[in-house]
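Computed from the coordinates by the stated procedures, all read-outs in this text should not be read as laboratory data. None of these values were measured; they are calculated from a predicted model. Ideal geometry is used to build each Cβ from the backbone, glycine not excepted, and the neighbour counts take in all protein chains shown.
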Amino acid sequence: MTRHFLDIEDISVDELANLLALAEQPTLARVLSGHGVAMIFEKPSARTRNSTEMAVFSLGGHAVYIQGHEVGLDVRESAEDVARTLACYHRVLCARVIAHDSLHRMVGALDAGGVDVPVVNLLSDWAHPCQALADLLTLRESLAPDSAGPAVLGGRSIAYVGDANNMCRSLVKAAMAVGMDVRVASPKGFSFSEEELAVLAWLGRDEHWTGTLHTTDEPYEAVDGADALYTDVWTSMGQEEEEVLRRKAFRGFTVDEKLLAAAAPTAVVLHCLPAHRGEEISAGVVDGPQSVVWRQAAHRMTAMRGLFAWLLGAGNTGPVSARGSAAR
Ligand code: CP
Ligand code: NVA
């Protein structure tokens with residue numbers, strides 16, 4: 001059965017470990033040799049487009065960048081028909097979509113037709129799992145005590161300060177999957193709903209995630225002694241009309257020098273980028289010595305290489321998860 005990657009729960013804990021280890025290998029089999037990879041973008045991108053395209057190239061394949069309006073998901077033709085069409089030419093279908101459901105519908109159309117083409121989420125309104133893979137690689141690198149190998153993340157702590165958005169959702173799942181102590185601080189009205197917290201708890205049990213999750217509306221409570229701090233924009237793509245309201249609501253949630261001082265002295269700071277200096281993060285922190293944001297950006301490509309290698313068979317030997325997001 002074809003494996004898809006719409007969010008972190010699409011892969012098991014063991015598979016995630018295999019994928020990360022594959023990504024960390026300096027050389028990988030050219031699993032895309034002679035193959036195409038379609039990349040649909042309904043939203044802008046600097047990192048995701050370039051890292052995915054260059055990962056495809058490095059694995060021997062050819063990436064085709066497709067702007068959303070060219071294929072017109074559900075405007076020119078249905079998301080299902082776009083997927084069926086692109087699967088005629090490509091080995092993998094990657095998409096950055098406005099609505100997460102478009103990805104489910106593409107998966108449904110391909111699976112129903114018995115088409116062996118994985119669908120990869122390059123960001124939706126709901127999730128950003130490829131970024132979360134890069135974040136784990138960055139944490140494994142930057143929290144390692146020496147050069148002996150990647151850090152064990154189990155038991156280490158990460159505090160996310162800001163909007164409980166697509167990025168936060170995938171990061172929380174990824175960090176819990178590897179056993180981290182995860183804290184999320186968001187203003188009231190911008191945190192996970194009770195319903196979603198229940199789903200996260202259920203997913204954690206079902207997928208054997210060993211990490212813990214604590215949510216609060218107090219940034220200092222979340223950050224206290226943390227090994228890593230993470231933030232993302234207050235206004236995500238597609239929410240531009242709420243920008244003024246959000247700027248007001250998120251006052252006090254800037255990751256600045258004072259907040260960073262409440263973390264562990266050796267804490268690293270992550271941001272998926274693009275960053276807005278003076279809003280969710282201060283210039284001094286994002287450009288400061290504890291920031292690992294450029295390693296994160298670099299690991300977007302490391303992660304995509306590992307993901308493609310894993311999806312196309314190198315290490316993808318585990319049982320298919322019946323609980324994965326693509327299966328729902
Ligand atoms: N972090 C990230 O996904 O960046 P882009 O939106 O530039 O791809
Ligand atoms: N939450 C942000 C992430 C950008 C990479 C957005 O969706 O715009």
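Couple of notes before you dig in:
- Partner lysines for Lys248 [C-alpha distance under 26 Å; skip if fewer than 8 residues away on the same chain]: Lys43, Lys188, Lys258
- For the range 164-180, Karplus couplings with θ = phi - 60° (6.51, -1.76, 1.60), whole Hz, Gly/Pro x: 7, 9, 3, 5, 4, 4, 5, 4, 4, 4, 5, 5, 5, 4, 8, x, 7
- Debye log10 I(q)/I(0) for the range 181-288, one point scatterer per Cα, at q = 0.14, 0.15, 0.16 Å⁻¹: -0.62, -0.71, -0.80
- Least to most buried among Val92, Val292 (fewest other Cβ within 10 Å first): Val292, Val92
- Mean ellipticity per residue at 222 nm, deg cm²/dmol - from DSSP H runs of n ≥ 4 across the chain, formula -39500 (n - 2.57): -11000 deg cm²/dmol
- Residues with amide H under 5 Å from that of Asp181, placed H, sequence gap 5 or more: Gly155, Arg156, Ser157, Ile158, Thr212
- Positive end of the dipole of the range 197-240 (Cβ unit charges, origin at the Cα centre): among Gln239, His208, Leu229, the Cα lying farthest that way belongs to His208.
- Ordering 299-305, 76-82 by mean Cβ neighbour count within 10 Å, with the highest value first, yields 299-305, 76-82.
- Annotation: amide H-H contacts under 5 Å for Asp74 (H modelled 1.01 Å from N, sequence separation of 5 or more, or interchain): Ala79.
- Residues whose amide H lies under 5 Å from that of Ala263, counting only those 5 or more places away or on a different chain, are Gly225; hydrogens are built 1.01 Å from N in the peptide plane.
- Share of alpha-carbon pairs per 10 Å distance bin for the range 122-253, given as whole %: 12, 43, 34, 9, 1
- Rounded tilt (10° steps) of 129-142 against the dominant C-alpha axis of the chain: 50 degrees
- The magnitude of the dipole of the chain, with charges of +1 and -1 set on the Cβ of Lys/Arg and Asp/Glu and taken from the Cα centre, is near 720 debye.
- Size of charge dipole - the range 207-268 - debye, nearest 20, with Cβ of Lys, Arg +1 and Asp, Glu -1, no other charges: 180 debye
- Spatially, the range 21-62 and the range 198-236 are offset by 29 Å when compared through their Cα centroids.
- Choice from Asp224, Asp146, Asp135 showing the highest fluctuation, given a GNM over the chain with Cα pairs closer than 10 Å: Asp146
- Calculated log₁₀ intensity ratio I(q)/I(0) where the Debye formula runs over C-alpha points of the range 19-124, q = 0.14, 0.23 Å⁻¹: -0.53, -1.30
- Remark: the range 146-201 is approximated by an ellipsoid whose semi-axes, taken from the C-alpha gyration tensor as √(5λ), come to 25, 12, 9 Å, largest first.
- Diffusion coefficient, µm² s⁻¹, Stokes-Einstein with Kirkwood Rh over alpha-carbon pairs of the chain at 25 °C and 0.890 mPa s: 123 µm²/s
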